[in-house]
Amino acid sequence: QVQLVESGGGLVQAGGSLRLSCVASGSILRINAMRWYRQAPGKQRELVADITSGGSTNYADSVKGRFTISRDNAKNTVYLQMNSLNPEDTAVYYCYADLQMLERLVPTSRRYWGQGTQVTVSS
């Protein structure tokens, strides 16, 4: 089994910063893409940022220049540094991993989600 565990969410004032972390654990052979999504109340889940195993990144237009995604492959961890936060960034943030794992001793491709971490930005 594989687990993704996020941390680092919380309450912050507008203009402030937070750093989210997501650690993947279990019978992991390789992690390909890692992503951060978010879902605000009453809205659809949206992609915030993604990063390939080689370090290439993409961002939603709404967070470009403010958020930075990074990863530590040795620790199976992805980070999201969020600066200049505003109330529109308030949401539950989810980690996602596209990975290869051992399933009954067979390499298998799977996709996993974390449980989510709440980010609230007050005005």
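The values are calculated or read from the model by the stated rules, or taken from the named source; none is laboratory data. Note that the coordinates shown come from a computational prediction; the quantities given were computed from them, not determined experimentally. Note that we place each Cβ from the backbone using ideal geometry, even for glycine, and neighbour counts take in every protein chain shown. Each accessible area value is taken on the protein alone, full model and side chains, heavy atoms only, with ligands, DNA and RNA left out. Shrake-Rupley method; radii C 1.70, N 1.55, O 1.52, S 1.80 Å.
So if I take the centroid of the Cα atoms in the range 34-56 and the same for the range 12-31, what is the distance between those two points in Å? So the separation of the two Cα centres works out to 11 Å.
Relative to the globular-protein estimate of 2.2 N^0.38 Å, the Cα radius of gyration of the chain stands at 1.06.
Sequence-ordered 3J(HN,Hα) estimates for the range 106-123 from the Karplus curve with 6.51, -1.76 and 1.60 and θ = phi - 60° stand at 10, x, 9, 7, 9, 10, 10, 10, x, 7, x, 9, 7, 10, 10, 10, 8, 8 Hz, glycine and proline given as x.
Sort largest first and round to whole Å: the equivalent ellipsoid semi-axes of the range 29-99, each the square root of five times a Cα gyration tensor eigenvalue. Intermediate results must be reported in sequence, preceding the final value.
Details: eigenvalues 96, 35, 19 Å².
With the √(5λ) rule applied to the range 29-99, the semi-axes are 22, 13, 10 Å.
Please get the size of the charge dipole for the chain, origin at its Cα centre, with Cβ charges of +1 on Lys and Arg and -1 on Asp and Glu, quoted in debye to the nearest 20.
Values: 13 positive and 9 negative charges, 43 e Å.
Dipole of the chain, to the nearest 20 debye: 200 debye.
Accessible surface computed residue by residue for the range 1-114, with neighbouring protein chains in place and a 1.4 Å probe, gives 54 Å² per residue.
May I ask you to give the percent of accessible area on the chain that is carbon plus sulfur, with a probe radius of 1.4 Å? Don't skip to the answer; put the middle values down first.
Values: 3030 of 6650 Å².
Looking at the chain in its full context, I get 46 percent from C and S.
Starting from one equal scatterer on each C-alpha and no solvent at all, send me the Debye-based log10 I(q)/I(0) for the range 76-123 at q = 0.30 Å⁻¹, two decimals. Reported log10 I(q)/I(0), two decimals: -1.14.
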